[in-house]
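The values are calculated or read from the model by the stated rules, or taken from the named source; none is laboratory data. Keep in mind that this is a model prediction, so the values were computed, not measured. Neighbour counts are summed over all protein chains in view; Cβ atoms, including those assigned to glycine, are modelled from backbone coordinates with ideal geometry. Surface accessibility is based on the protein's heavy atoms, side chains included, excluding ligands, DNA and RNA. Shrake-Rupley method; radii C 1.70, N 1.55, O 1.52, S 1.80 Å.
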Amino acid sequence: EFSNQEVYNCPFCRMPATIDDDAEYLRRIHARIDAGDAEAMHCLGCKYSDGEKGLTKNHQKAMEWWSKAAKLGLSTANRNIAAAYYDGRGVPKDPKKEKYYHEIAAMAGHVSSRSVLGTIEYNEGHFDRAYKHWMMAAKAGCTYSLKEVQEGFENRFVTKEQYEEILVAFKDSVDEMQSVQRDHAVAFASLC
């Protein structure tokens, strides 16, 4: 088990993570960016998007950083770009681009984007494709998608065999994700 000190150490430099000193936080983020760290680029984009760590809220800068992180293959950055096109944050609302970036994120394993694709396909009347997306996301542990698959089973879009397979896979996925280390990682990530 980790001590509180270990939980709040930077996973890269092992220095204590300071959350009160905005200038030091940004210095460390930029050091990681200079090293080509896509997660740091994404994180800086989030800080611009939310106007945190002393930065002025700037959705265009957020998109620039997310785009750089996405080019390096970070699925979460593609998911945030998709959300920006959905909300019109820093870019005009564009459902086609939203779907495109969710597709890229989903292909890279982003479960939330996979689930959103299910909703998009469902709203477009592509029920078979919607349930395929939701089934994949549910197998990866997405609770929302599991509820959609359950509804699909009740309405006969999903077979009994498919539903049983998904329930087992969902449980296995959730069980695999539970660990003390994961809880500590989540606690650390909330500082970013």
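Quick one: if the Förster radius is 22 Å, what FRET efficiency do D94 and K57 give, using the C-beta to C-beta distance and rounding to 0.05? Write down the numbers at each step before the final one.
Numbers: r = 21 Å, r/R0 = 0.95.
That gives a FRET efficiency of 0.55.
Would you mind working out the magnitude of the charge dipole of the chain relative to its Cα centre, with +1 at each Lys and Arg C-beta and -1 at each Asp and Glu C-beta, to the nearest 20 Debye?
On the way: 25 positive and 29 negative charges, 140 e Å.
That gives the chain a dipole magnitude of about 680 debye.
Compare the Cα positions of A140, P95, G54 along the charge dipole of the chain (+1 at Cβ of Lys, Arg; -1 at Cβ of Asp, Glu; about the Cα centre) and return the one farthest towards the positive end.
Farthest towards the positive pole: P95.
Which one, H30, H102, H133, has the greatest fluctuation when you compute a Gaussian network model over the chain with C-alpha springs under 10 angstrom?
Between H30, H102, H133, it is H30 that shows the largest mean-square fluctuation.
Using alpha carbons only, how many degrees (0 to 90, rounded to 10) separate the axis of helix 38-50 from the longest principal axis of the chain?
Once rounded, one gets 90 degrees.
Set the Förster distance to 45 Å, then compute FRET efficiency between E124 and S179 from the Cβ-Cβ distance, nearest 0.05.
Numbers: r = 38 Å, r/R0 = 0.84.
Once rounded, the FRET efficiency stands at 0.75.
How big is Rg to Rh over segment 103-152, alpha-carbon atoms, Rh as the Kirkwood inverse-mean-distance radius?
Numbers: Rg = 9.4 Å, Rh = 10.1 Å.
Across segment 103-152, the Cα-based Rg/Rh ratio is 0.93.
Tell me, what ³J(HN,Hα) does each residue in segment 155-172 have, in order and in whole Hz, if you take phi through Karplus 6.51 cos²θ - 1.76 cosθ + 1.60 with θ = phi - 60° and put x for Gly and Pro?
My calculation for segment 155-172 gives 9, 6, 8, 10, 6, 4, 5, 4, 4, 5, 4, 5, 4, 5, 5, 4, 4, 4 Hz in order.
Enumerate the calculated ³J(HN,Hα) couplings along segment 174-180 in order (Karplus 6.51 cos²θ - 1.76 cosθ + 1.60, θ = phi - 60°), each rounded to whole Hz, writing x wherever the residue is Gly or Pro.
Per-residue couplings from phi come out as 5, 4, 5, 7, 8, 6, 5 Hz.
Quick one: helix 95-107 against the long Cα principal axis of the chain, what's the angle to the nearest 10°, folded into 0 to 90?
That works out to roughly 90 degrees.
What are the equivalent ellipsoid semi-axes of the chain, built from the alpha-carbon gyration tensor (square roots of five times its eigenvalues), in whole angstrom, biggest first?
Over the Cα atoms of the chain, the semi-axes work out to 34, 23, 11 Å.
Contour minus end-to-end for E64 and N155, with contour as 0.36 nm per residue of separation and end-to-end as the Cα-Cα distance? Intermediate values should be presented prior to the final figure.
Values: separation 91, 0.36 × 91 = 32.76 nm, distance 4.30 nm.
Extra length from E64 to N155 when fully extended: 28.5 nm.
Could you tell me what percent of the accessible area of the chain is made up of carbon and sulfur, with a 1.4 Å probe and every protein chain present?
On the way: 5880 of 11310 Å².
C and S atoms contribute 52 percent here.
Just in segment 72-178: which trypsin sites (Lys or Arg not before Pro) are loop by DSSP and have at most 15 other Cβ atoms within 10 Å?
Working: sites: R79, R89, K93, K96, K97, K99, R114, R129, K132, K139, K147, R156, K160, K171; in loops: R89, K93, R156.
Here the sparse-neighbourhood loop sites are K93, R156.
Helix-only estimate, please: 222 nm mean residue ellipticity of the chain, summing -39500 (n - 2.57) across DSSP H runs of length 4 or more and dividing by its residues, to the nearest 500. Walk me through the numbers on the way to the answer.
On the way: 11 runs with 135 residues, N = 192.
Mean residue ellipticity at 222 nm (helix-derived): -22000 deg cm²/dmol.
Report, in degrees rounded to the nearest 10, the 0 to 90 angle that the Cα long axis of helix 111-123 makes with the longest principal axis of the chain.
Helix 111-123 sits at roughly 50 degrees to that axis.
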